[in-house]
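Step one of this worksheet: look at the structure below.
The values are calculated or read from the model by the stated rules, or taken from the named source; none is laboratory data. Being a predicted model, the structure only gives us computed values, none of them experimental. Don't worry about glycine lacking a Cβ; one is built from the backbone with ideal geometry, like all the others, and counts go over all protein chains shown. Just so you know, the surface numbers come from the protein's heavy atoms only, side chains and all, with ligands and any DNA or RNA stripped out. Shrake-Rupley method; radii C 1.70, N 1.55, O 1.52, S 1.80 Å.
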Amino acid sequence: MTFGETADQARKRSRPGILTDRAIRRALGAGELRVDPFDPALVRPAALSLRLGHEAFSLVTTGPVDVADRSTHPELVPKEPDGRGRLTVEPGEVVLAPTLEKIGLSGNLAGLVDGTSDYARLGISVVLCGQVSPGFGHETGAVLTLEIVNHLRHPVLLYPGVRICNLMLFASAGSELSYGTMPHNYSSDHAVVASRLADHVRYH
């Protein structure tokens with residue numbers, strides 16, 4: 001409870017729900033939320049914008065993919081920017097790219113990453129898997145890996161360092177297990193890594 005705040009106001013402030021701009025700033029100040037590098041302009045009314053990082057990989061397959069067999073998984077082929085620093089995403093291509101920011105959530109926060117209307121109206125899906133579990137990146141911060149798909153008939157050029165998605169944050173009562181304690185997690189990744197699904201899917 002802060003100075004001059006009633007007990008009822010304190011309960012309302014800590015009630016589980018989506019964090020608005022004031023609550024996001026409070027979470028940053030209290031160390032409940034880590035964002036590196038942080039730009040105050042990223043804070044939106046009910047979300048935190050994230051920017052596209054400076055590396056990208058195309059998922060390239062050579063045959064059917066068996067999720068339990070790592071040798072059949074797509075290869076991560078680096079994509080180089082063009083002469084103007086732009087990232088080209090071909091029609092139907094799936095590109096994995098990190099956020100510029102490293103994120104860390106306390107055990108009392110959870111997140112949901114979503115694309116923006118600006119990109120959706122250009123036929124670009126930015127996020128195929130959006131859940132960010134309590135405790136993600138809490139120790140050292142971790143990038144979020146974006147799964148970018150071009151649904152158009154022609155290439156789309158993206159700009160690293162520019163806002164590309166939003167992270168909505170939710171207060172919670174806290175989870176019994178932190179995401180970072182779970183096996184095969186992505187909570188300490190500082191770069192894009194391949195799927196770890198084969199680590200816990202076994203042949204029958």
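Scan the range 15-24 residue by residue and report those that are open to solvent by 90 Å² or more (accessible area, probe 1.4 Å) and in contact (Cβ under 8 Å) with a residue 40 or more places away in the chain. Spell out the reasoning first.
Of the range 15-24, the ones open to solvent by 90 Å² or more (accessible area, probe 1.4 Å) are 15, 22.
Correct list: 15 only.
Mind checking which residues of the range 25-57 are surrounded by fewer than 13 Cβ atoms within 10 Å (Cβ to Cβ) and part of a helix (DSSP H, G or I)?
If the condition is that a residue be surrounded by fewer than 13 Cβ atoms within 10 Å (Cβ to Cβ) and part of a helix (DSSP H, G or I), then 29, 30, 40, 41 are the ones that fit.
Of the conditions (1) touching a residue at least 40 places away in the same chain (Cβ under 8 Å); (2) on the phi > 0 side of the Ramachandran plot, residue 102 fails just one. Which one is it?
For residue 102, the failing item is (2).
Can you work out which of the residues in the range 117-166 that are open to solvent by less than 10 Å² (accessible area, probe 1.4 Å) and assigned to a loop (DSSP other than H, G, I, E, B) is nearest to residue 19 (Cα to Cα)?
It comes out as 135.
Of the conditions (1) surrounded by fewer than 13 Cβ atoms within 10 Å (Cβ to Cβ); (2) within 16 Å of residue 160 (Cα to Cα); (3) of a type outside the set (Gly, Ala, Ser), residue 87 satisfies every one except a single condition; which number is it?
Condition (1) is where residue 87 drops out.
Scan the range 66-84 residue by residue and report those that are of a type in the set (Gly, Ala, Ser) and either open to solvent by less than 50 Å² (accessible area, probe 1.4 Å) or in a helix (DSSP H, G or I) (or both).
Going through the range 66-84, the residues of a type in the set (Gly, Ala, Ser) turn out to be 68, 71, 83.
If the condition is that a residue be of a type in the set (Gly, Ala, Ser) and either open to solvent by less than 50 Å² (accessible area, probe 1.4 Å) or in a helix (DSSP H, G or I) (or both), then 68, 71 are the ones that fit.
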